[in-house]
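See structure below.
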Amino acid sequence: MLKEIYLSMGIKSEVYDYCEKIIGSLKERFDEIDQMAEINQLKVLDALRKNQVSEACLMGTTGYGYNDIGRDTLEKVYSDIFHTEDALVRPQITCGTHALALSLAANLRPGDELISPVGKPYDTLEEVIGIRESKGSLKEYGISYKQVELKEDGYFDYDAIKNAISDKTKMVTIQRSKGYLSRPSYGVKEIGELIKFIKNIKPDIICQVDNCYGEFVEDIEPSDVGADLVVGSLIKNPGGGLAPIGGYIAGRKDLIENCAYRLTSPGLGKEVGASLEVLRSFYQGIFLAPTVTASALKTAVFAANVYENLGFKVIPSGAEERHDIIQAITLGSKEKIIAFCEGIQSASPVDSHVSPEPWAMPGYDSDVIMAAGAFVSGSSIELSADGPIKEPYNVYFQGGITFPHGKFGIVSSLNKLYESNLVSLP
Ligand SMILES: *Cc1c(COP(=O)(O)O)cnc(C)c1O
């Protein structure tokens, strides 16, 4: 029955059979992911119940947004989920980069030093920090930056971190997900050990974790292991595919207060910021986030196994434990990257009829092809892929807000490769 539907949607019989065999081998993995979703679902539900979320919380405010009960309650819900003293969850935080820039700029002062103990941060942070010259960077405000490179195995160089820390060191920023690098993504426990090490050297260092793509992948978050601030985007995991915009920062009360004064204005802080019409989607999104993240994880594990079994290098490997939702596949040629992305695009709920093409995107040093047919523009909790057209011809993909859709996307990508004679099946 299912096979007939797949065939009617253009999938070749051999491709379907191969993929079903892979699915059959993943039952245990999927059970583990479902169990994690259950733990996190209850964590979120508990926070919603404890804070007595009511229908009034789903209505927004306009204008200044004074006494926005829905916004204030949602921030308490986030604090309870992340076990922090306070949180800032706002549509005025435009994206993940903005949330990270906000938290850094709010908590650092001229003369302070920021350290990344985990090597190069996410591309967009280079301009925030001033690693690449940029107007308004932290560097322009007299905030210095040091980066401690990772060891060859991709893990922390504790000696070098110890040497880097000085009297000036006010804050460290630790990126949980590898993003689009080839280092490992870090587990929450590993991050906890790093934070403990840093605080042992200088207890007042503010430890911030870039939590993008990591939320609800494990049953604890970095704020459970000593992080003073966790930061992320609502058009990734915690928005559950429903939030149309937004970012969050959760952490210590005094640090969140700084963020609020920086986001709005000194003197105003958290008291202003109308939530307009977004609150229902923020609440419903965080409620769905654990199972949506689970769908994205299953899609990633499925894809890793589909392509690994055909001889492609995949990071993480098919069997490895996951710390985020990103999957990289080394396809090895331009033609394969294009075919993969065409397959994902054609399986999208929006813009399935358009064909993605490589182009010279600003900020990249090669052409990039992107597949994204999402309800929320640029949302990367929805099934999406991008591939820089350069050696080693990696495609990075993430998302899938339902597993049946993520699965169909991956099957479609393989179907394109197969139809173009770019792979042969076992
Ligand atoms: C996505 C991401 C960011 C930046 O988020 P944007 O919403 O794209 O600005 C920062 N760090 C990591 C690890 C990310 O995955």
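Miscellaneous remarks
- Applying a threshold of 7 Å to beta carbon distances and a minimum spacing of six or more residues, or different chains, the list of pairs starting in segment 84-98 at a residue that is buried (at least 22 other Cβ atoms within 10 Å of the Cβ) and ending at one that is of a type in the set (S, T, N, Q) reads Thr84/Ser223; Ala87/Ser79; Pro91/Ser275; Gly96/Ser233.
- Qualifying residues in segment 99-113 (those that are of a type in the set (Gly, Ala, Ser) and within 10 Å of the ligand (Cβ to nearest atom)) - the one surrounded by the fewest Cβ atoms within 10 Å (Cβ to Cβ): Ala101
- Those residues of segment 292-331 which are within 18 Å of the chain's Cα centre (by Cα) and basic (Lys, Arg), in sequence order: Lys298, Arg322
- Hits in segment 75-104 (condition: in contact with a Cys (Cβ under 7 Å, 6 or more places away or on another chain) and either among the basic types (Lys, Arg) or under 14 Å from Gly273 (Cα atoms) (or both)): Leu88
- Criterion violated by Asn394 - all others in (1) over 26 Å from Tyr6 (Cβ atoms); (2) buried (at least 20 other Cβ atoms within 10 Å of the Cβ); (3) free of Cβ contacts under 8 Å to residues at least 40 places away in the same chain satisfied: (3)
- Pairs meeting the criteria (first residue in segment 193-212 and closer than 16 Å to Val231 by Cα and in contact (Cβ under 8 Å) with a residue 60 or more places away in the chain, second residue of a type in the set (S, T, N, Q) and away from the ligand (no atom under 16 Å from the Cβ), beta carbons under 6 Å, at least 6 apart or on different chains) are Ile206/Asn107.
- Residue match in segment 203-223 (condition: within 16 Å of the ligand (Cβ to nearest atom), out of contact with any helix residue (DSSP H, G or I) (no Cβ under 8 Å at 6 or more places or on another chain) and at pLDDT 95 or above): no
- Any chance Ser177 is in contact (Cβ under 8 Å) with a residue 40 or more places away in the chain, surrounded by fewer than 21 Cβ atoms within 10 Å (Cβ to Cβ) and within 16 Å of the ligand (Cβ to nearest atom): no
- Output for segment 331-359, where each listed residue is surrounded by fewer than 17 Cβ atoms within 10 Å (Cβ to Cβ) and out of contact with any Leu (no Cβ under 7 Å at 6 or more places or on another chain): Gly332, Ser333, Lys334, Pro349, Val350, Asp351, Ser352, His353, Val354, Ser355, Glu357, Trp359
- For segment 125-146, the tally of residues that are crowded, with 16+ Cβ neighbours inside 10 Å and either assigned to a strand (DSSP E or B) or among the hydroxyl-bearing types (Ser, Thr, Tyr) (or both) stands at 4.
The values are calculated or read from the model by the stated rules, or taken from the named source; none is laboratory data. What you see is a predicted model, and the numbers here were worked out from it, not measured in a lab. Virtual Cβ from ideal backbone geometry, glycine too; neighbours counted across all protein chains shown.
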